[in-house]
Amino acid sequence: MIIKILSSTRLFCYLTLYFIFLLVIGTIAQKNLNPFYAQKEYFASYIFFLYNKIPLPGGLTITFLIILNLYIKIYKDKFKKNITSLIIHIGSFLLIFCGMILNTYIKEGNLLLYENEKNNYYNCTNKQIIKISHFTKSIQIKITKKNIIDKISLPFLFKITQNNKNYYLIKKNLINNKFISLNFNALSNVKNFFFDIYPKKNWYNINENLSIYKIFKYKNKKYYIQIKDKKYKLPFYISLHKFKKKNYPGTHISNKFKSIITIKNNKKNLNTTIKMNNPLKYDGYTFYQTAFIEKDKIKATILTIVKNKFSFFPYIASSIICFGLLINIINRRYICTK
């Protein structure tokens with residue numbers, strides 16, 4: 001009975017309709033919520049709360065059920081009489097399965113480049129690390145769900161008590177420079193951490209809006225703590241030769257802009273241009289022209305970098321689906337002519 005329900009076409013239709021519902025509310029939510037967190041809440045979650053009250057299955061749950069439905073359908077029926085249905089179902093299964101799996105392997109971040117500058121690192125703005133420094137010695141701590149770093153790497157116990165995103169601090173007294181409250185702004189995309197230092201259990205806060213470093217003392221030694229975006233290293237260097245932009249006539253609003261760059265590796269150099277809606281694909285990376293900085297004759301480009309070496313998998317799955325549909329059309333025409 002359970003197998004029959006899980007493999008039914010009706011269940012697949014209901015799941016697809018629910019997925020459309022998720023797309024609608026997830027898109028509307030981006031009006032008041034940072035796009036990354038909207039995607040994480042609705043599409044990359046197993047469960048979410050509608051209006052913060054009603055629990056509903058998230059995108060990962062629905063995707064898993066669709067994959068299970070297609071797998072059981074393929075295994076159960078085997079489509080002995082209709083090979084085209086088998087091909088189409090296999091292609092659909094691979095397309096959704098690859099999309100779910102590859103989502104965990106994608107690395108995305110931003111690269112800021114000034115003219116005549118080169119770099120081989122890009123920042124992931126959605127993943128942070130905490131850097132604790134003491135003179136020449138520094139330790140970088142990856143933020144985990146456990147949020148506790150023991151005395152193996154530090155002379156004290158460090159615990160993150162709160163990990164707030166999209167919050168900012170409001171000052172209470174401008175003279176004493178004190179803050180009172182943590183206000184929520186869904187579009188701010190500001191990282192904010194509260195942490196304790198044991199065994200004294202001193203309470204501290206670090207926020208992107210306050211300062212670059214937060215200073216605290218432990219056993220008469222000064223330590224500096226900083227929130228930093230996680231960095232990924234590129235296997236090559238990128239240098240920006242020239243940034244060009246064109247405004248709408250009579251305005252200061254950009255119409256189009258592009259970056260003239262050179263990619264340098266051990267083998268050879270590649271001179272190319274990255275434009276709006278015309279990304280560059282190179283060595284498993286895709287570079288998108290996202291934004292720019294222009295101030296006092298200083299120009300810089302901001303490139304969004306996406307690493308996905310298995311990006312061809314969805315194309316293979318789509319080709320299988322198209323092949324199945326093509327065979328189906330040919331078979332129908334052959335039957336009609338008979």
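If you filter the stretch 205-250 down to residues that are farther than 21 Å from Tyr285 by Cβ and among the aliphatic types (A, V, I, L, M), you find that the one that is modelled with the lowest pLDDT is Leu210. For first residues located in the stretch 277-300 and more than 20 Å from Ile263 (Cβ to Cβ) and charged (D, E, K, R), partners that are part of a strand (DSSP E or B) and at pLDDT 85 or above and lie 6+ apart or on another chain with Cβ distances below 6 Å do not occur. Mind checking which residues of the stretch 2-13 are surrounded by 14 or more Cβ atoms within 10 Å (Cβ to Cβ) and either outside any helix (DSSP H, G or I) or free of Cβ contacts under 8 Å to residues at least 12 places away in the same chain (or both)? Across the stretch 2-13, the qualifying residues are Ser7, Ser8. In the stretch 253-286, the qualifying residues are those that are surrounded by 12 or more Cβ atoms within 10 Å (Cβ to Cβ) and aliphatic (A, V, I, L, M), and the one that is modelled with the lowest pLDDT is Met276. Between Ser45, Ser85, the distinction of being touching a helix residue (DSSP H, G or I) at 6+ places or on another chain (Cβ under 9 Å), modelled with pLDDT of 75 or more, closer than 22 Å to Leu15 by Cα and part of a loop (DSSP other than H, G, I, E, B) belongs to Ser45 only. So in the stretch 289-312, with the set limited to residues that are assigned to a loop (DSSP other than H, G, I, E, B) and of a type outside the set (A, V, I, L, M, F, W, C), which one is farthest from His241 (Cα to Cα)? If we take residues in the stretch 289-312 being assigned to a loop (DSSP other than H, G, I, E, B) and of a type outside the set (A, V, I, L, M, F, W, C), then Ser311 is farthest from His241 (Cα to Cα).
Of everything listed in (1) within 13 Å of Leu113 (Cβ to Cβ); (2) touching a Lys or Arg at 6+ places or on another chain (Cβ under 7 Å), the single unmet condition for Lys246 is (1). For the stretch 292-311, the condition holds for at least one residue, the condition being that it is at pLDDT 85 or above and aromatic (Phe, Trp, Tyr).
The values are calculated or read from the model by the stated rules, or taken from the named source; none is laboratory data. These figures come from a predicted structure and were not determined experimentally. All Cβ positions, even for glycine, are placed from backbone atoms using ideal geometry, and neighbour counts span all protein chains on display.
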